[in-house]
Amino acid sequence: MILTAYKLTPLRVFLMMIVLVAGSCNAAEDRPNILLIVVDDMGYSDIAPFGGEIDTPNLDALAKSGMLFTDFHTSASCSPTRSMMFSGTDNHLAGVGSMGETITAEQRGQPGYEGYLTERVVSIPTLLQDAGYFTAMAGKWHLGEEPEQDPPRRGFDKVYTMLNGGASHFDDEWMMYANYTPIYRENGVQVHVPRGFYSSEFYTSKLIEYLGERPAEQPFFGYLAFTAPHDPLHAPDEWVDKYKGRYDAGNDALRQTRLEALKKLGFIAPDAQPFPRLPTIPAWEELDDQTKMVESRRMEVYAAMIANIDHQLGRLFDHLKNEGQWDNTLVIFLSDNGANGLQMHQYPGTDKAWVERNSDNRIENLGRQYSRMAAGAAWAQVAMTPYRMFKAFVAEGGIRSPLIISGPGIENPDTVNGAFSHVMDIASTILEASQTQHPGTSFKGRDIEPLRGKSMLPVLNGTTNVVHAGDTAVSWELFGMRTVRKGDYKLLWLVKPFGPENWQLYNLANDPGETVDLSGQMPELRDEMIEIWNRYSRETGVILPLQNLLSP
């Protein structure tokens, strides 16, 4: 009726179009930039905002201007986490039901076990690109190595990427372990790293370079995917020197110090007990002097890598401030899984003889070019204080990650949120913040999986304190290990010898270290959560491996 009464002359139609276009431009200008930062294999308690002693002033400042999430969860390993982060759905539905390097005979060729991010999901960068964002990434991809699986095919305008799971952090391009040669590509073209390359510095510089090429009118989505502190542990001498001698008191003492710091911060209860030191890890005082020197060196280099990451972030943050973009940039910082407890000789096709033959692991060269060294289980337990196990395990030590979110729209900065959240929630959060709609179950003529995660924006803007309702259940599976989280309770199945290979039940509110099994005391809740996991397994197409992939 209104349109009939109001004559739409050509001039009025033209004026209306100008208003509509101007309105859409203003809306685009109002949309925040998104900066997603993922570090590789960093532990929960490593950085200062989460109780660590490593120097991280830029992350300290980020935390004070934003919100910390202390009950945030990932998958237990690299590529499954990244597949969920970029798709907003379960890794089995996204094509990464297991690491591509560990897919078993019974899983190979089955849906969900392609080993790369499949077309059954639409990637968040693709949606942002279509919505007018300039999209750029630098660093680790690990979601497919074939050209058609490259980041430029999944929504990135500018890319410099290392496609594999890990590599030397220096310019030698050494493989991380046997038969695992790194592949680097820039904008789809294979390249080699330049002379003087150090991974954290170079990837940060590349992202700064790409953001400098952004058209001024476009908001940006920047993805900085560090390969540090993933092994092999490498850092420039001047950074390692800052930590020389700091860890001579050993892993047991440091774990106790971090435990007390977490209690003081209020992240865990004052009477919370950590998961005990693993029986395979000797007490510090039992080690001889030479072994103590090597062990201390491991942690010195690991700490130097994290401190250097923080320094590189300071460079990036300063760039955004100088460009006038900082105040309108939503920054999301997380680790892709728990700290890594493996040694270098435990990777597929690798043994101690191979590492010794192909590395310069003299103590004076550890952390330098041509050395191959990992943090190992003792320091990984420290990094995951107070939790059980570390990377590769769906116990809390494998899937609990520090998360910091800062930027526009945060109602109460310098606050801590202790409610459960999940890496699938990152996708929904980015989409809502950028005012970008997920297409649901169909995208450009193909069927896709819908979002499973929930936006964290209502928590950030103070509307609510929880991401997931209390009765929401979230399930995981990796390497045959299984878990369900519902409220404060967690159902857990670990393979032998790391667990009884049976269902255990824990109350994480008062037992974050998963030390007291309640399954016998609460059989009804145990059985209810077992059925939840069984239903999840059917929905996502889980195929359990027939053999234990995690031999000690």
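Side notes on the structure shown:
- Residue in the stretch 377-387 that is on the phi > 0 side of the Ramachandran plot, of a type in the set (A, V, I, L, M, F, W, C) and within 19 Å of the chain's Cα centre (by Cα) present: no
- Exactly one residue out of THR70, THR102 is hydroxyl-bearing (Ser, Thr, Tyr) and more than 30 Å from ASP488 (Cα to Cα), and it is THR102.
- The stretch 137-207 holds strands (runs of 3 or more DSSP E) entirely within its bounds, and those carrying 1 or more residues that are of a type in the set (A, V, I, L, M) map to 158-162, 189-191.
- Among the residues of the stretch 338-376, those identified as in a loop (DSSP other than H, G, I, E, B) and at positive phi are GLY349, GLY367, TYR370.
- Any hit, the stretch 522-532, residues being surrounded by 14 or more Cβ atoms within 10 Å (Cβ to Cβ), part of a loop (DSSP other than H, G, I, E, B) and over 21 Å from the mean Cα position of the chain (by Cα): yes
- Elements of type helices (runs of 4 or more DSSP H) in the stretch 235-334, at least 3 residues being among the small types (Gly, Ala, Ser) and at pLDDT 95 or above: 289-322
- Listed by first and then second residue, the pairs with beta-carbon distance under 9 Å, at least 6 apart or on different chains, first residue in the stretch 212-226 and touching a residue at least 60 places away in the same chain (Cβ under 8 Å) and closer than 14 Å to ILE37 by Cβ, second part of a loop (DSSP other than H, G, I, E, B) and of a type in the set (Val, Ile, Thr), form an empty list.
- Residue match in the stretch 36-53 (condition: part of a helix (DSSP H, G or I), among the polar types (S, T, N, Q), at pLDDT 85 or above and under 33 Å from the mean Cα position of the chain (by Cα)): no
- Top-ranked residue in the stretch 175-198 [being under 16 Å from GLY165 (Cα atoms), in contact with a strand residue (DSSP E or B) (Cβ under 9 Å, 6 or more places away or on another chain) and in contact (Cβ under 8 Å) with a residue 40 or more places away in the chain; ranked as surrounded by the fewest Cβ atoms within 10 Å (Cβ to Cβ)]: TYR180
- Breaking point among (1) touching a residue at least 60 places away in the same chain (Cβ under 8 Å); (2) surrounded by fewer than 21 Cβ atoms within 10 Å (Cβ to Cβ); (3) charged (D, E, K, R), for ASP231: (2)
- Residue within the stretch 432-441 that is farther than 24 Å from GLN547 by Cα, surrounded by fewer than 19 Cβ atoms within 10 Å (Cβ to Cβ), under 21 Å from the mean Cα position of the chain (by Cα) and not aliphatic (A, V, I, L, M) present: yes
- Residue count for the stretch 335-359, restricted to those that are modelled with pLDDT under 95 and of a type in the set (Gly, Ala, Ser): 1
The values are calculated or read from the model by the stated rules, or taken from the named source; none is laboratory data. What you see is a predicted model; the values in this text were computed from it and never measured. Please note: Cβ atoms are built from the backbone with ideal geometry, for glycine as well, and neighbour counts cover all protein chains shown.
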